[in-house]
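**Q** What follows is a single structure, and I will ask about it in a moment.
What follows is calculated from the coordinates using simple rules that are stated; it is not laboratory data. Only a predicted model underlies this, so the values are computations on that prediction, with no experimental measurement involved. With ideal geometry, Cβ positions are generated from the backbone for all residues, glycine too; neighbour counts draw on all protein chains shown.
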Amino acid sequence: MRPTILLIHGDTMQIRRCLAVLIPILSISPLSWGQDKPRILTAKPTEVVVYADRAQVTRRAQIQLESGTYHFLFDDLPASVQQESIQVNGSGPAVLNDVRFKQIHFSAVPDTRLRELENQKQQRADDLQDIDDLIKQATNEKSFVDRISKKLTNTDEKSQSAQLNPDKWVKMVAFYRQKFAKLDKEIRHAERKKRHIQSDLDKIERDIQSLGSQNEKSRNQVEILLNVKKPGIIKLDLVYMVPGPSWKPLYDFRVQSKKKNMHITYNAIIQQNTGEDWHNVKIKLSTARPQIAGKQPKLMPLFVMAYRDKPQQGFSAPNAGALNSAAMGYMFKGIQPEVDGESTEDKSWTNDVTIDTKATSVVFDVNTSYDVLADNQPHKVTVMSRSFPAHFRYSAVPKHSPYAYLKANIINTSDFPFLAGESNVYLDSNFVAKSSITTIAPQENFWTNLGIDESIKIEYKFINKFEKQGGVFSSNNKYTYKFMISATNNKKTEAELVIWDQIPIARNDKVKVKLLKPTMQTGSKHVKLNEHHYLEWYYKPKAGETLQIPLVYTIEFPKDMNLATNVPEQLMRM
């Protein structure tokens, strides 16, 4: 007896089966299925739920039926369909008595097509033989003419007295030259024609091989046995899962600096190659875990320790200097973004998208129908389009880059979570960069990189390194490093600017690192120092203003100690 779950609610019916259990007993008795040929249902995909690495497809059939028992067939399912995911449900005055999955094998290549290719192959082979004969004939003729020429121009002792008339010599040379040129041209033309014929022949042979490898194909089908209680319209849905389709977010960030807003177009890029085209289907998108990438130059802590000490895990050699983004969050928490003028928030939407929040995911229900072909090419679906107020700030890491990077801060006031993904960034209608964002929840704020702005000029200068060796009054060596950072606002308006630098971290109690400039003060609004010894300066330079920011620190250690450090090597030698 086959395991079957039958659910009947009023005029609604649903049957779900575990095909992993069903497959071994697919042999159905005539009593259950009868001997009649099943009727193929016209059912194309109408709704698709796309996940990170798969899709759930729904095919729908609607048919007017009289009372009785019917044998129907959903045909030509994708080759990669997951059998255990197959469900059949529907509504109407009927009961689903049984359902089964079957796979039939058939010849995918008609004999006529194969015979046609074989005839083409023979024809091109004959053409190739004709060309070879022509080349051989021209080559032999050229060789014959060459032998006659040598015989006429070579003389022996008996024929030394035989002299040709000069006019005849000229005519003979002209004849041979003309003959050789004609034969060479015929051979070149034949060789070119031979290459084309050989190319055609190779393609025909590949087609024959391909047809031979595909000669045995399979077709996935689902058969159902339906008992209609009374005449009426019956709706049947076939639901199945296919691996491979995927979607990922792609954003267009269009920033208007004068309006101080950012228009975000939230797109979904869908790809699928299931062998089944999705025409005019309703799309639902289920969230996934995207990758996260960083964009801005990063700082790493600088360490100073005794050479004999065991370095910490992850200790870098000299010249280390990539940004540690986790440790470089803005320290000026009390400074809130400001938005000048009235709010520019635009609550217009391009699609009537519904959000279904589940326990572990979010599903975007895009009510507009789309075509997504099985060509493994990206197909764009618009999820949201909306404007948000933006707050601008410049950020710079002078020791690594001489540029000021413009950023925009936006609060996600929509109900949509922004998933981690790539973005195309436009500033005042000009494309400036490709960027990326991490996952942003509703009501959460985030920063977007807008590229460099050369109207903010940044300079980083090493002033000097002063060494004081230990002697009679001190057993320690002391190195003093002096730097100067300058920033000039060449814009016509005030700018908000954050500058980052760092001082080393001592990993030995006998090594002392002391910051001399800037002077740290509790509650300072302009400079902060965090646990990684990252310095952050916050300024609002006016139009045309130049900032001069000194950085001075000392490293003191016993004179009998050799230092191991990831302070840039060129600075240690200065």
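**Q** Count charges around ARG124 for me, please; just the other residues with Cβ under 10 Å from its Cβ, Lys/Arg as +1, Asp/Glu as -1.
**A** On the way: positive: LYS121, LYS203; negative: ASP126, ASP127, ASP200, ASP202, GLU205.
The answer is -3.
**Q** Starting from the amide H of VAL383, placed 1.01 Å from N in the peptide plane, find each other amide H under 5 Å away whose residue is 5 or more places distant or on another chain.
**A** Under 5 Å from the amide H of VAL383: TYR266, ASN267, ALA268.
**Q** Neighbour counts of other C-beta atoms within 10 Å: give me TRP169, TRP247 arranged from fewest to most.
**A** Working: TRP169 13, TRP247 27.
Placing the least packed residue first, the sequence is TRP169, TRP247.
**Q** If the chain between LYS540 and LYS434 were fully stretched, how many nm would it gain, using 0.36 nm times the residue separation less the Cα-Cα distance? All intermediate terms of the calculation are to be shown ahead of the outcome.
**A** Working: separation 106, 0.36 × 106 = 38.16 nm, distance 2.75 nm.
Answer, rounded to one decimal: 35.4 nm.
**Q** Take ALA441 and ASN140, extend 7 Å from each Cα along the Cα→Cβ direction, and tell me the distance between the two endpoints in nm.
**A** The two pseudo-label positions are separated by 8.9 nm.
**Q** What number results when the radius of gyration of region 235-283, computed over Cα atoms, is divided by 2.2 N^0.38 Å?
**A** Working: Rg = 17.5 Å, N = 49, 2.2 N^0.38 = 9.7 Å.
In units of the globular-protein estimate, region 235-283 measures up at 1.82.
**Q** Two decimals, Cα atoms only, Kirkwood Rh: what is Rg/Rh over region 436-513?
**A** Details: Rg = 20.8 Å, Rh = 17.7 Å.
Here the Rg-to-Rh quotient is 1.18.
**Q** Further question on the same structure: Step through the residues of region 534-546 one at a time and calculate ³J(HN,Hα) from phi using the Karplus curve (6.51 cos²θ - 1.76 cosθ + 1.60, θ = phi - 60°), rounding each to whole Hz and writing x for Gly and Pro.
**A** 8, 9, 10, 9, 10, 9, 10, x, 6, 4, x, 7, 10
**Q** Please go through region 53-141 and write out the chymotrypsin sites (Phe, Trp or Tyr not before Pro) that DSSP classes as loop and that have at most 12 other C-beta atoms within 10 Å.
**A** Here no loop site has a sparse enough neighbourhood.
**Q** Counting other Cβ atoms within 10 Å of each Cβ, which GluC sites (Glu not before Pro) in region 37-138 have at most 15 and sit in a DSSP loop?
**A** On the way: sites: GLU47, GLU66, GLU84, GLU116, GLU118; in loops: GLU66.
Hits after loop and neighbour filter: GLU66.
**Q** Here's something else I'd like to know. Using a Förster distance of 35 angstrom, determine the FRET efficiency expected from the C-beta separation of GLN521 and LYS259, and round it to 0.05. Mind dumping the intermediate values first?
**A** Numbers: r = 38 Å, r/R0 = 1.08.
The value I calculate is 0.40.
**Q** Starting from the Cα of LYS491, step 7 Å along the direction of its Cβ; do the same at ASN119; then give the gap between the two resulting points in nm.
**A** Here the answer is 7.5 nm between the modelled labels.
**Q** Could I ask something else about it? Taking region 348-489 on its own, what percent of its Cα-Cα pair distances exceed 19 Å? Working shown, then result.
**A** On the way: 6998 of 10011 pairs.
Cα-Cα pairs in region 348-489 separated by more than 19 Å: 70 percent.
**Q** In nanometres, what is the gap between the two model label sites at TRP169 and LYS468, each 7 Å from Cα along Cα-to-Cβ?
**A** Computed distance between label sites TRP169 and LYS468 equals 10.3 nm.
**Q** Distance from the Cα centre of region 420-499 to that of region 517-541, in angstrom?
**A** 13
**Q** Here's a follow-up. In which sequence would LYS434, LYS284 go, from the one with the fewest C-beta neighbours within 10 Å to the one with the most? Please list the in-between numbers first.
**A** On the way: LYS434 12, LYS284 19.
Fewest-to-most Cβ neighbours within 10 Å comes out as LYS434, LYS284.
**Q** Step through the table entries LYS298/LYS492; LYS461/LYS517; LYS434/LYS528, compare each Cα-Cα distance with 23 Å, and write down the pairs that go over it.
**A** The pairs that break the limit, which is 23 Å between Cα atoms, are LYS298/LYS492; LYS434/LYS528.
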